[in-house]
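Comments concern the structure below.
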Amino acid sequence: MASDQFLPFLDVLQKELLLFASLSFLIGAVDDLLFDGLWLFHRLKRRLFVYSRHQRVTVENLENPSPDSRMAIFVPAWKEAAVIGPMLRRCLQQWTESDYRIYVGCYPNDAETVAAVAAASRGCEKVRLVVCRRDGPTTKADCLNHLWDALCRDEIEENSNYAAIILHDAEDIVHSEALKLFRHLIGRAVLIQLPVIPRRAKRSRWVAGHYGDEFAELHGKQMVLREALGASIPSAGVGCAFAREGLQKLSVRTRGKPFDAGSLTEDYELGLHLTGGEARGIFARLRDRNGQLVATQEFFPEKLEDAIRQKSRWMAGISLSGWDRLGWQNSWRENWMRLRDRKASFAAIIVAIAYIAIILMGLLQLAGMTGIYQPRPVSAILETLLFLNFGFLLWRLLMKFCFVFSLYGLREAFLSIPRTVVANLINIMAVWRALSQYISQLAGQPAQWEKTSHFYPDARDVQQLRPQTTAGGRG
């Protein structure tokens, strides 16, 4: 291409990319605005017709659960020697009830994690170490299936069944009243999901911090409205309880393996399978007497590479493989929620296109300032789209600011605005890795547990983890 045609070509390309991105953003913005409107209506309705008549309940006010509500906690662990010991000790300290058992799944070629579990549970019958039959890493679902087998054998030997199976990761920071809340609700639904609150190390303000921004909205708004609309509830994989009966029925259909080892996001899919149709799922957003959410806290990846690896697995499992594996339903509510789940990968691609258009705009403006080439003005349609999208962007940032402020305080709320760019860059890099994973799966490559490094705070740090919230009830 001749040099005198290159800049005009870039000009046309920039305008076309910007138009495509603007139209795509507008469609997504209308979807988000409709969702926000329904959530605001739901929140106002509860405030006017529920909380105006009834006092907000705290978890301490709940009725005592039935004595036969035994809880089993599944903790899969691969290369978690640094965090599994403190996590187990905190669980044993926080949960003083006697009717629970923690099943920890380890691998024969991971002696350090096995030793850490043994040391943390020495002399305690509430922790059951289960060593998988094969060397690791297999998949998280495969490890969970080994724990399921161990639980079923224990039930036969002890002639007593568990009421629910709770999933946790090796780095989770549990709430002292979580088991009581699970026991209170498990008879009413097949899945109970608690909010997840990401925490960040002081040295990872941007990478780890963006998880808090995303989960503040996800578990403060999206899951709340999802339950209100009657759509299925996906499991977050941590801080969630499955009714024993529901897993047993699924186990019968899957030859004794309720957790799908061929899925990258087995927890997400399991929640949709169990709560679809007539079965009910509950997103339990309840507070304790101190006004703090009964939630699961954990430190999310603080390094860029780990964040990309983790989010690429989510995208590949939910946005790409989930489309193939779960398909669509006959309910507009269900399809709308699944579409919102799956649009993350496509949104990242659109953002990448928009960033390319912005970079080209800068180059063209530089050419105009130096007199090399005068860019064409944008069309009236594109100018209108840009104006509308700018307004929607301000709305999105305002919503994020409010949710982050309600959970973490003013400083993190202000940081969430520039962290949007960081989140976009992480998602863009993750989507290309997710596409590679998805193509590999289509080619027949089995799913494998991808390890991300974890961090667990000491006792003093745990006491400082309480987010800045005000008292309130569910919803």
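The values are calculated or read from the model by the stated rules, or taken from the named source; none is laboratory data. Treat the numbers as computed from the prediction; the structure is a model and nothing was measured. Backbone-built Cβ (ideal geometry, glycine too); neighbour counts: all protein chains shown. Just the protein is used for accessible areas: all its heavy atoms, side chains included, with ligands, DNA and RNA removed. Shrake-Rupley method; radii C 1.70, N 1.55, O 1.52, S 1.80 Å.
Residue order by solvent-accessible surface for ILE282, ILE353, ILE372 is ILE372, ILE353, ILE282, largest first, with ligands and nucleic acids left out and a 1.4 Å probe.
Ignoring ligands, DNA and RNA, what accessible area per residue does the range 27-157 give at 1.4 Å, in Å²? If you can, show how the numbers build up before the last one.
Working: 6640 Å² over 131 residues.
Per-residue accessible area for the range 27-157 comes out at 51 Å².
Accessible surface of VAL421, taken over heavy atoms with a 1.4 Å probe and every protein chain present, rounds to 80 Å². Over all pairs of different C-alpha atoms in the range 332-458, the reciprocal of the mean inverse distance, the Kirkwood hydrodynamic radius, equals 18.7 Å. Taking trypsin sites (Lys or Arg not before Pro) across the range 128-221, the ones in a DSSP loop with at most 14 further Cβ atoms lying within 10 angstrom of their Cβ are ARG133, ARG134, LYS202, ARG203.
The rule of thumb for compact globular proteins, 2.2 N^0.38 Å, goes into the C-alpha radius of gyration of the range 3-115 2.09 times.
May I ask you to work out the translational diffusion coefficient for the range 269-399 at 20 °C, viscosity 1.002 mPa s, via Stokes-Einstein with Rh from the Kirkwood sum over Cα pairs, reported in whole µm²/s? Display every interim value, and only then the final one.
On the way: Rh = 19.7 Å.
Translational D for this selection: 109 µm²/s.
If you look at the Cα atoms of the range 175-280, you get an Rg and a Dmax of 15.4, 47 Å.
Please give the net charge around LEU151, taking every other residue with its beta carbon less than 10 angstrom from that of LEU151, where Lys and Arg add +1 and Asp and Glu add -1. Taking every other residue near LEU151 into account, the sum is +1. Taking 1.002 mPa s as the viscosity and 20 °C as the temperature, the Stokes-Einstein diffusion coefficient of the range 91-144 based on its alpha-carbon Kirkwood radius rounds to 177 µm²/s.
With the other protein chains left in place, how much accessible area per residue, in square angstrom, belongs to the range 359-405 at a 1.4 angstrom probe?
Numbers: 3220 Å² over 47 residues.
That works out to 69 Å² for each residue.
Computed over protein heavy atoms with a 1.4 Å probe, the carbon and sulfur contribution to the accessible area of the range 356-404 reaches 79%.
Each listed q (0.22, 0.31 Å⁻¹) maps to a log10 I(q)/I(0) for the range 309-349 from the Debye sum over equal C-alpha point scatterers, namely -0.67, -1.06.
Across the range 82-217, the convex hull enclosing all Cα atoms gives 148 Å³ per residue. FRET efficiency for the ASN109 to SER453 pair, using the beta carbon distance and R₀ = 25 Å, is estimated at 0.85. The charge dipole of the range 265-325, taken about its Cα centre with unit charges on the Cβ atoms of Lys, Arg (+1), Asp and Glu (-1) only, comes to about 240 debye. Applying 1/(1 + (r/R0)^6) with R0 = 45 Å to the Cβ-Cβ distance of LEU33 and GLU97 gives a FRET efficiency near 0.50.
What are the GluC sites (Glu not before Pro) within the range 29-119 that DSSP puts in a loop, where the Cβ has at most 16 other Cβ atoms within 10 Å? Those that pass, being in a loop and sparsely packed, are GLU63, GLU97. Size descriptors for the range 68-111, from the alpha-carbon set: Rg then Dmax equal 11.9, 37 Å.
Within 10 Å, Cβ to Cβ, of PRO76, how many net charges do the neighbouring residues add up to if Lys/Arg are +1 and Asp/Glu are -1?
On the way: positive: LYS140; negative: GLU80, ASP142, ASP169.
In short, -2.
Our estimate of slack between ARG325 and ILE359, defined as 0.36 nm per intervening residue step minus the Cα-Cα distance, is 8.5 nm. On the beta carbon distance between SER52 and GLU383, with R0 = 51 Å, the FRET formula returns roughly 0.65. Residues whose amide H lies under 5 Å from that of TYR100, counting only those 5 or more places away or on a different chain, are MET71; hydrogens are built 1.01 Å from N in the peptide plane.
Given 0.36 nm per residue, what is the gain on full extension from ARG188 to PHE346 after removing their alpha carbon distance, in nm? Working shown, then result.
On the way: separation 158, 0.36 × 158 = 56.88 nm, distance 3.63 nm.
That pair, ARG188 and PHE346, stretches by 53.3 nm at full extension.
Can you tell me the alpha carbon radius of gyration of the chain divided by the globular rule-of-thumb value 2.2 N^0.38 Å?
Details: Rg = 24.0 Å, N = 475, 2.2 N^0.38 = 22.9 Å.
Cα Rg divided by the expected 2.2 N^0.38 Å: 1.05.
Against the chain, whose longest principal axis comes from its Cα atoms, helix 332-369 is set at around 40 degrees.
On the accessible surface of the range 159-287, probed at 1.4 Å, how many percent belong to carbon and sulfur atoms? Before the final figure, lay out each step's value.
Numbers: 1880 of 4130 Å².
Carbon-and-sulfur percentage of accessible area, whole number: 45.
Tell me, what are the semi-axes, in whole angstrom and largest first, of the equivalent ellipsoid of the range 158-222 as set by the roots of 5 times the Cα gyration tensor eigenvalues?
Numbers: eigenvalues 180, 44, 16 Å².
Value: 30, 15, 9 Å, ordered largest first.
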